[in-house]
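The structure appears right after this line, and notes come after that.
The values are calculated or read from the model by the stated rules, or taken from the named source; none is laboratory data. Bear in mind the structure is a predicted one, so any value in this text is a computation, not a measurement. Virtual Cβ from ideal backbone geometry, glycine too; neighbours counted across all protein chains shown.
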Amino acid sequence: MTQQKAVLMNANHELVDANIEIPNPEAKDVLVKIQAVAANPVDIKQLETRDGKNAPQILGYDAVGQVVELGSSATKFQVGDQVFYAGAVNRDGSFQEYQVVNEDLVALSPTEITTEQAAAMPLVSLTAAELLFEKLHVIAEANANSSNLLVINGAGGVASVLIPLAKWVGLTVTATASPKKFDYLRQLGVDHPVDYHTDAEVTISDLPDNSFDYIVSLFDITPYWDDVTRLIAPLGHIGTIVQFPNPLDIGQLKNKAASFDWEFMFTKSLFHVDEASQGQILAQIAALVDEHAIDAPQITNYSGLNATNITAMLDQLRTGHTTGKLVLTV
């Protein structure tokens, strides 16, 4: 059997280099020769909590590459197609040279950006689009909305796509970050940058009551909860992607009849619910990028598929001060 390089998680929750067999595609799979991958906070969570013996040992949930083989029932792509995807947490991920992935989760890659930029987009694009359009019920059409959105943690990976999407659909965006990242926020399209530090001249606590129809927290929402419940407009929508350590008083939203939603982009593949929608979302994202309606995220590039590089990427993510996405050329 043909061997490939891969980076595995061992029983001690460490990343190690290995040579393994190239996987065979199942019926609805495509086999992709990977060209670039990106690192995400979910890699850290999976590394720290996953059962190293019984669960898939290969992390990585962003990839771009070329289709080299089709499963017996796969019909959406052809050998040679350039594709991008985020995959699924219940199967081996993209930190390997070849990966099998369900074709429903895949789309043709954008053509107007680099391979590395395309690798940075799938997970954050799916998270951002599902948050905005499926959870908050923002209309997914150019300039179709005129409401206000608050983004907590506006300089991270998900925000790098969520904010341009929000501007594309017509929202006015306020976002928090460190002042040294305000220029980056403005490049994304943010109308009103706000310092996240509590001792700043203007903070989230100084914003007016009931002023946001939508609030998205891309960080632990707990320290912001009192402000969030104050700032959300009646009938507004709140969404988050980060599990909070302690219970929140959701009853604070009752009188405003505001909605609270979780977003976890792997839910569809974990429970086999509406999986094809993820390929459709990525196809829409690729079209918007190629039409220059939204831009690819800012990236920091690493080169070479090995445990040392991926460990360095995850260590950088752990600092909590990463701008945009970290990408590795395979």
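Remarks
- Applying the criterion of being modelled with pLDDT of 95 or more and acidic (Asp, Glu) to the residues of region 277-321, the residue that is surrounded by the most Cβ atoms within 10 Å (Cβ to Cβ) is ASP290.
- Some residue of region 210-219 being part of a loop (DSSP other than H, G, I, E, B), in the same structural domain as PRO247 (by TED's automatic domain parsing) and of a type in the set (Phe, Trp, Tyr): yes
- The criterion of at least 3 residues that are closer than 27 Å to PHE264 by Cβ, touching a Lys or Arg at 6+ places or on another chain (Cβ under 9 Å) and in contact (Cβ under 8 Å) with a residue 24 or more places away in the chain is met, among strands (runs of 3 or more DSSP E) falling completely within region 7-121, by 29-39, 98-102.
- Any hit, region 94-106, residues being crowded, with 24+ Cβ neighbours inside 10 Å, over 30 Å from THR311 (Cβ atoms) and in the same structural domain as PHE212 (by TED's automatic domain parsing): no
- Screening LYS268 with (1) loosely packed, with under 15 Cβ neighbours inside 10 Å; (2) out of contact with any Phe, Trp or Tyr (no Cβ under 8 Å at 6 or more places or on another chain); (3) without any contact (Cβ under 8 Å) to a residue 12 or more places away in the chain gives one miss only, at (1).
- Any hit, region 249-257, residues being small (Gly, Ala, Ser) and surrounded by 10 or more Cβ atoms within 10 Å (Cβ to Cβ): no
- Selected residue (only one of LYS135, LYS76 is touching a Gly at 6+ places or on another chain (Cβ under 9 Å), closer than 30 Å to SER259 by Cβ and basic (Lys, Arg)): LYS135
Residue by residue, here is whether (1) at negative phi; (2) assigned to a helix (DSSP H, G or I) holds:
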| site | (1), (2) |
| --- | --- |
| LEU165 | yes, yes |
| THR174 | yes, no |
| ASP183 | yes, yes |
| THR198 | yes, no |
| LEU235 | no, no |
| ILE238 | yes, no |
| ASP261 | yes, no |
| LYS268 | yes, yes |
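- Of residues in region 1-57 being of a type in the set (A, V, I, L, M) and under 20 Å from the mean Cα position of the chain (by Cα), the one nearest to ASN102 (Cα to Cα): ILE34
- Applying the criterion of being of a type outside the set (Ser, Thr, Tyr) and buried (at least 22 other Cβ atoms within 10 Å of the Cβ) to the residues of region 205-218, the residue that is modelled with the lowest pLDDT is LEU218.
- For ALA140, the conditions (1) within 23 Å of the chain's Cα centre (by Cα); (2) over 27 Å from ALA283 (Cα atoms); (3) surrounded by fewer than 18 Cβ atoms within 10 Å (Cβ to Cβ) all hold with the exception of (2).
- Residues of region 288-315 that are free of Cβ contacts under 8 Å to residues at least 40 places away in the same chain and under 22 Å from LEU126 (Cβ atoms): GLU291, THR300.
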